[in-house]
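Contents: one structure, followed by commentary.
The values are calculated or read from the model by the stated rules, or taken from the named source; none is laboratory data. The structure presented is a predicted model; accordingly, all values stated were derived computationally and were not measured. Note: ideal-geometry Cβ built from the backbone for every residue, glycine included; neighbour counts use all protein chains shown. For accessibility, only protein heavy atoms count, side chains too; no ligands or nucleic acids. Shrake-Rupley method; radii C 1.70, N 1.55, O 1.52, S 1.80 Å.
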Amino acid sequence: MAPETPPPRIACEGVTKIFAGGTEAVRDVNLTFEPGRTTALVGPSGCGKSTLLRLIAGLETPTSGRIDIAGAPPSETLRHAGLSVAFQDPSLLPWRSVRGNIELALQLARQKAADREVEDLIDLVGLGGFAEARPAALSGGMRQRAAIARALATRPGLLLLDEPFGAVDELTRQQLARDLPKLWEARGTTTLLVTHSVSEAVLLSDRVIVLTPRPAEIVADIAIDLPRPRDPDGLRAPDAAALIDRVVAALSEGMALPDRGIAAQ
Amino acid sequence: MSMAASWTGTSLWRIQASRARALPGLVVLLIGWELAARLLTDAFVLAGPTEVLAYLVEDRALMARALGETLTNAAFGFVIGNVAAIALAAVALAWPRAERVVTGLALLVFCLPLVATGPILRVLYGPGAGPQVTLAALAVYYTTLIPLLVGLRAAPSSWFDLVRSYGRGRFATLVHVRAMASLPYFFAGLQIAAPAAFLGAMVGEFTGAERGMGVLTVQAIRALDVEMTWGLATVATAVSILAYIAIGALGRRVLLDAPPVILAAPAGASRGRLAAWVDAGLVTLIAVGAWWLALLAFGLNPFFAKGPGDVFAALVLDDDAAETRAALAAALGETALFLIPGYLAGLLAGAGLAVLLILVPMIASSAMPLAIALRSVPIVTTAPLVVLLLGRGAVGTIVLVAVMVFFPTFVASLHGLRQAPGQIMDVFDSYAAGPVTRLLRVRIPAMLPAFFAAARMAVPASVLAVTVVEWLATGNGIGSLMAISASLSDYDMLWSSVVLVSVLSALGYAAVGAVERRILGTYAPEQLA
Ligand SMILES: Nc1ncnc2c1ncn2[C@@H]1O[C@H](COP(=O)(O)OP(=O)(O)O)[C@@H](O)[C@H]1O
Ligand SMILES: [Mg+2]
């Protein structure tokens, strides 16, 4: 189960993004992501998480600073279809079925996959039996899961997930939290997970980056050295609880910064 | 937001699915028609459904030949016009900076008065089906181009991001996203285009064709043959409605979702005033250049093929320029007296009735399918009837223009009113707001964009209506001036009126667009974003 493209090392150097209207969404982010690891970006809503993800995906260009994926700019990775994004809004094409949407990703990446493999992915995200359903017939959570399956279909070296479980119900979310890490570990995928859920970040990742309210700046970089496989129930164990507390403390610290969050209200 | 809404929003088809509800309305219409005909037998203006049917059965061979001819011309024009629309949309898409120039030129051509382009095309083509097919193509390409342009952009940006995230470019976006996303809009355009092509072919046949429905219509009017006039109008109406329904059915087979009711793109104000003037200048320059080059390239006889220089001379330089200008101004003045009241009355009646109906939902749901069907009727083909009924005076003409404007406005307004976003309505419900409050605060602002789109498209349509009636029947105004110039071979006058009418129509369209921007800026600013 090797990925189609080897997992890359990603480096952000002094990345700042100021939108045309003057909104500064990301400020001076310096980060390196090691290949094959899962990193969570945690921060309050509207802080600039999606923007940072889109910068890394090459969908936005930094106002200043540099992003480098395996020695090249993101646009190069895009060209080789070495990355996939599961967007915050599932963005399924309404005229295609679940299977059709997954096949679209393969078409766009100019890849072929066995029907069996697509079928397995659909089962993995718990949509078995809905392969031929159109997005309009699915719930919000089901659509998000279809988008996750689509992102996995091209076996990307770099997987970018933007709040992928926002609308997924609790039980299914726990199921996915068990199954997805197994898949990306087996594939050696470098994964970047944007979330505002602290427990989700601790449960799924090897490392949590905590961001301040807008413009996003790094307040903490916390290694999550819990053994795998992990179980959602395991979050109640003392070492996991301590990590969660650290992340929460870092979030509060960010909110308390003079020009942000509570202080800025 | 509003773009994705077309995939989830109110469905024209849901309304059409209830077509059965139009039946009672239709029956009432037929009975009323028959009764009126019986009452007015001595007036020789109105033939009832039974008389029309008898006439059609008796003269079925003649009618079938004429219909076959007109349908063939309309079909050719329909295909050519739509292919042209697709090509123009492709240019605008491939080269976004050119879009305003492309649409500006397209509008100008769409504003050409068919009544005068008909005779001009006749002398250029000589005998045959050339003018009919050309006019049919001219009548349809704009109604397809505009929805298509809207549709090609009608996708949330995340769909484009998705394609980009796999490193693919504009072509993949076109194939995988834009083409499919535009289909509902494309079908909405085609649906309006089908009856328009029929109308274009008929008007083309008015200008000295040998065969076809248009030829028979002219004969019927000249001979004051009431049954024939009504018979022809009935056939034209039926054909138009059937074409409209057929394309709707085809769309339903092909698509998941209903075609949205979009008659014209919102008048975008995103670019500056200066850019707008630059574009307008470019459009004028290209139009004049293309006109001049076409005459040169085809080596046409300068006696009837006048160039931009000839028209300028006729209007400004020649000895009799002042007389020409005076004649044109007098004719335009006469026309304006019919056109403006008719246009405003049509808008007012369309929007007014839609607002009234929305307060009585029961009636609205059965009036809608009937109105949609009647919107597809090329009102101009019924011009002879209106003249028969209301005489050759002002009332008949004004009514015809108003009717021409009424149906598209009514349908668009009703759609806009119904499109009021559900959640907002829920909020108002939760405050127990009465129907009038909701109407004023939510529904009418939601209606405005569709209303104005219809109002803009109605400008060239009403010019067409008024010039056709003047030409066929009343004998005054610019329509009649063009007809007389054509028959007297006064080509200077004819070309000058074509230029003047087109430019004035395009300016009228732009003026409505300016009012639209003003009002939307106040009531529905998100529409301009
Ligand atoms: N394309 C854009 N143009 C202007 N501002 C934007 C754009 N995208 C996002 N923003 C702004 O940047 C800020 C961060 O947005 P985002 O990255 O989506 O936050 P998050 O994903 O953390 O909730 C917000 O204030 C948002 O309004
Ligand atoms: Mg986000």
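Structure notes:
- Using the Cβ-Cβ distance between residue B:170 and residue B:86 with R0 set to 22 Å, the FRET efficiency works out to roughly 0.85.
- A viscosity of 1.002 mPa s and a temperature of 20 °C, combined with the Kirkwood radius over Cα pairs in Stokes-Einstein, give a translational diffusion coefficient for segment A:43-83 of 198 µm²/s.
- Shape parameters for chain A, alpha-carbon atoms, Rg then Dmax in Å: 18.0, 55
- Here residue A:32 sits with roughly 50 square angstrom of accessible surface, probe radius 1.4 Å.
- Accessible-area order (highest first, 1.4 angstrom probe) of the listed residues A:37, A:187: A:37, A:187
- Alpha carbon Rg of the protein assembly as shown, scaled by the compact-globule rule 2.2 N^0.38 Å: 1.15
- Burial of accessible area (probe 1.4 Å, heavy atoms of protein chains only) in segment B:147-186, relative to its chain alone, reaches at least 40 Å² for B:158, B:159, B:161, B:162, B:164, B:165, B:166, B:168, B:176, B:180.
- For segment A:93-155, the fraction of 1.4 Å probe accessible surface lying on carbon and sulfur atoms is 49 percent.
- Extended-chain gain in nm, criterion 0.36 nm per residue less alpha-carbon gap, residue B:323 and residue B:291: 9.0 nm
- Cβ-Cβ FRET estimate between residue B:39 and residue B:62, R0 fixed at 22 Å, reported to 0.05: 0.15
- Mean separation of Cα contacts under 8 Å (6+ apart) over length of chain A, as relative contact order %: 26 percent
- In the full protein context, the protein assembly as shown carries 43 Å² of accessible surface per residue, based on a 1.4 Å probe and ignoring ligands, DNA and RNA.
- The relative contact order of segment A:45-162, computed from alpha carbon pairs under 8 Å that lie at least 6 residues apart in sequence, is 35 percent.
- Modelled this way, with points 7 Å down the Cα-to-C-beta line, the labels at residue A:132 and residue B:273 are 6.0 nm from one another.
- R0 of 56 Å, Cβ-Cβ distance residue A:117-residue A:257: FRET efficiency to nearest 0.05: 0.75
- Solvent accessible area, Å² - residue B:122, 1.4 Å probe, full protein context: 30 Å²
- Averaging the sequence gap over all C-alpha pairs within less than 8 Å and six or more residues apart, then dividing by the number of residues, gives segment A:93-155 a relative contact order of 50 percent.
- Burial of accessible area (probe 1.4 Å, heavy atoms of protein chains only) in segment A:117-151, relative to its chain alone, reaches at least 20 Å² for A:134, A:150.
- Rounded to 5, percent antiparallel among DSSP beta bridges of the protein assembly as shown: 45 percent
- Share of carbon and sulfur in the accessible heavy-atom surface of segment B:96-205 [1.4 Å probe, %]: 71 percent
- Overall, the ratio between the Cα radius of gyration of segment A:93-155 and 2.2 N^0.38 Å, rounded to two decimals, is 0.97.
- Candidate lysines for bridging to residue A:112, where Cα separation is under 30 Å - those fewer than 8 sequence places away on the same chain excluded: A:182
- Computed label-point distance, nm, for sites residue B:316 and residue B:436 using a 7 Å Cα→Cβ extension: 5.6 nm
- Taking 16 Å as the straight-line reach from the Cα of residue A:49, the lysines in range (excluding those fewer than 8 positions away in the same chain) are A:17.
- Pairing chain B with chain A buries about 2000 Å² of accessible area. This figure sums both sides and uses a 1.4 Å probe.
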